[in-house]
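No lab work stands behind these numbers, since they all come straight from the coordinates. Computed from a prediction, not measured in an experiment: that's the story for all the values here. In this analysis, Cβ positions are derived from the backbone assuming ideal geometry, glycine residues included, and neighbour counts consider all displayed protein chains.
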Amino acid sequence: MRLVLLGPPGAGKGTQAEKLAARYGIARLSTGDMLRAAVAAGTPIGQKAKDIMARGELVPDPVVIAIIADRIKEPDCAKGFILDGFPRTVAQAEALERLLAQRGLKLDAVVEIRVDESILIRRIETRIGQMQARGEAVRADDNPESLKQRLVAYRAQTAPLIDYYGKKGSLQTIDGMPPIEEVTQAIFRVLEKPAPAKAGSRPVQARKKASLKMPRQRARKAARKAKKKTRARRAVAKARKRVSVRRRTAKRGKVKAPKSARKAARGRSRRG
Ligand code: AMP
């Protein structure tokens, strides 16, 4: 299963991505985590990304595309992956599509977690409090100034992806306002609902049920019998129609009335 999680900072993408990865046994790929690791390790990418990230802006497309191109080749991605924080621009989405197509793959779904912007600041403040309580270092971009910029970047560069994936028919929008567990269950539901049946075909379940009830030979025999019955019914209807037409035409004096009608007429004239 290959999934993308979309949503503004503080929507709960990271938390939900972890739960999805555990449920489906797939890798969780967070470009934010990878970039933070690169910053901490002081790699050339990290040095390039450090200040951009601290300001709450987006790291250039070629940098993150190259990271993802390498990462999805890793063995732990063979069964699938969940992308958390990538793509964040239309150019990244197009690159992802190309990367997958090269390997004969495509995305199974894009899940948008929708939340009211008014609660995002509060959520980030909660996250800061929790990290401090655990004795963890607070993210350089978890402050009001950077958060404002991250929201600007989301609206301008990432939100267009909602339309992009909506047009492709792969977007599932989930209300991210309820408690975490409810949001998780809602995501599982949309990902696990059965695919709609093709137009004109009987639902798979119904077909399965019918074949379970009736072995194939008996089903064929029943079909032949039903066909015969229909043919016989049609023949009777046709004959009736023919007689009634002849009766009507005879009344108008155009052709000889059918034998039954003539006999009835003779009887009537004898009696009266
Ligand atoms: P996140 O942990 O997903 O909130 O990402 C933290 C920061 O990493 C973002 O504010 C960006 O500066 C950078 N970043 C993460 N993913 C991407 C991406 N796909 N494209 C550009 N920048 C990214």
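A few notes on this one:
- Gyration tensor (alpha-carbon) shape descriptor, segment 30-138, a/c threshold 1.5: prolate
- For the pair residue 222 and residue 69, the difference between a 0.36 nm per residue extended length and the Cα-Cα distance amounts to 49.4 nm.
- Gain on full stretching of the segment that runs from residue 175 to residue 249 - 0.36 nm per residue minus C-alpha separation: 19.5 nm
- Peptides 27-34, 81-88, 9-16 ranked from most to least packed by the mean count of surrounding Cβ atoms within 10 Å: 81-88, 9-16, 27-34.
- For a paramagnetic label modelled on residue 126 (point 7 Å from Cα along Cα→Cβ), amide N atoms under 13 Å away belong, within segment 1-42, to 10-13, 15-16.
- From the alpha carbon centroid of segment 1-80 to that of segment 159-176 is 19 Å.
- Entry note: segment 88-138 has Rg to Rh equal to 1.22, where both radii use alpha-carbon atoms and Rh is the Kirkwood radius.
- Set 48/167; 238/263; 167/193; 228/263; 48/148 screened for pairs whose C-alpha atoms are more than 29 Å apart: 48/167; 228/263
- Highest average packing first - 161-169, 132-140, Cβ atoms within 10 Å: 161-169, 132-140
- Prolate/oblate/rounded call for segment 2-192, Cα gyration tensor, a/c under 1.5 rounded: rounded
- Cut-off 12 Å between beta-carbons: net charge of the residues surrounding residue 176, Lys and Arg +1, Asp and Glu -1: -2
- Couplings for segment 126-143, taken from phi via the Karplus curve 6.51 cos²θ - 1.76 cosθ + 1.60 with θ = phi - 60°, read 4, 4, 4, x, 5, 5, 5, 4, 7, x, 8, 6, 6, 4, 5, 9, 8, 9 Hz in order; Gly and Pro are left as x.
- If you take all other residues with their beta carbon under 15 Å from the beta carbon of residue 52, and give Lys and Arg +1 and Asp and Glu -1, the sum is +2.
- Computed E for residue 51/residue 159 - FRET, C-beta separation, R0 25 angstrom, nearest 0.05: 0.55
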